[in-house]
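These notes are about the structure you will find just below.
The values are calculated or read from the model by the stated rules, or taken from the named source; none is laboratory data. Since this is a predicted model, take the numbers as computed values, not measurements. All Cβ positions, even for glycine, are placed from backbone atoms using ideal geometry, and neighbour counts span all protein chains on display. The accessibility values were calculated without ligands, DNA or RNA, using every heavy atom of the protein model including side chains. Shrake-Rupley method; radii C 1.70, N 1.55, O 1.52, S 1.80 Å.
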Amino acid sequence: MREPVPDKGRVLTQITTWWLSTHFSHIPHHLISVRPDEIRRAIPGLAACPNAWEGRATLVRRTRALPIECVVRGYLSGSAWKEYRESGTLAGEPLPPGLAESDPLVPAIFSPATKAQEGHDENITFEQVADLLGGDLAGRLRARSLDIYERGRAAAAEAGIILADTKFEFGTTPEGDLLLIDEVLTPDSSRFWPREHYAPGRGQPSLDKQPVRDYLESLPDWNKQYPPPPLPPDVVAATSERYRNLFRRLTGTDLDAYEPPRFGPAATAAATP
């Protein structure tokens, strides 16, 4: 879309920071700092740059990103529901018969996908991941992804939110360490449903860019090809508030009042500009 959504970048960055500093502090990850003072010390050249990056930028350890989207699904929705309707499977693996849209998947399913350079990602089987990365690394990705999802689902439930599904990305350092990278459990990488509106057998309202989806679906003449139609100001404003509301519900803090943590003295020493 051509219209930026105010505070969207801040929400994605600060939600990731909140998760990694609270519920996932035990998970090896690439984040060093999101605090502007620490980032400036690590990268002195930023002193001459405008401050628009503050609150949206992250200082991270460099990794080689693995070519896999580590998707975990706890509910039957999106592309998983489409595949199930057509073939009764998810990524080629059979699911129980008789499931309805938005039904829970018990236990949650590791449903990896390729990272497409162009077009859409494609669901693949665990065996295909093992062929691509080796059985040991594939097993570690599956176990770590399911662990993060279950912890995230429990934390979201305390805030009255259903974590329907999500995707994680991982990378390896030159030393061979496996790190969680990119955004973590954000409204751009996950489906968050307000529990008060949940009902199986249909699609669910989401705490993300739902106003944009609803508006675009209401346009009879757009063929869903580029360029996109312009977004009305009220749709942009509603989408921005949806992101900020999710941040408040998850963290218990307003975005403007949130103080990102310091991850320790390595925040500057470990940085490589």
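Annotations for the structure displayed:
- Residue count for segment 75-109 satisfying the condition of being open to solvent by 40 Å² or more (accessible area, probe 1.4 Å) and part of a helix (DSSP H, G or I): 6.
- If you go through segment 22-44 and keep only what is open to solvent by 40 Å² or more (accessible area, probe 1.4 Å) and either out of contact with any helix residue (DSSP H, G or I) (no Cβ under 7 Å at 6 or more places or on another chain) or within 30 Å of residue 156 (Cα to Cα) (or both), you end up with 22, 23, 25, 26, 28, 37, 43, 44.
- Pairs where the first residue, in segment 228-247, is open to solvent by less than 30 Å² (accessible area, probe 1.4 Å) and the second is of a type in the set (Ser, Thr, Tyr), C-beta under 7 Å, 6+ apart: 231/215; 235/215
- The residue pairs whose first member lies in segment 189-202 and is closer than 17 Å to residue 78 by Cβ and modelled with pLDDT of 95 or more, whose second member is in a loop (DSSP other than H, G, I, E, B) and hydrophobic (A, V, I, L, M, F, W, C), and whose beta carbons are closer than 6 Å, counting only pairs six or more residues apart or on different chains, are 192/207; 200/100; 201/100.
- One residue from 52, 47, 57 being in a loop (DSSP other than H, G, I, E, B) and open to solvent by 20 Å² or more (accessible area, probe 1.4 Å): 57
- For segment 53-94, residues that are in contact (Cβ under 8 Å) with a residue 60 or more places away in the chain and aromatic (Phe, Trp, Tyr) total 1.
- Residue count, segment 60-74 (criterion: open to solvent by less than 50 Å² (accessible area, probe 1.4 Å) and touching a helix residue (DSSP H, G or I) at 6+ places or on another chain (Cβ under 9 Å)): 7
- Among residues of segment 95-110 that are in contact (Cβ under 8 Å) with a residue 40 or more places away in the chain and over 19 Å from residue 205 (Cα atoms), those with a beta-carbon under 6 Å from a residue that is part of a strand (DSSP E or B) and among the aliphatic types (A, V, I, L, M) at least six positions away or on a different chain give the pairs 108/72; 110/72.
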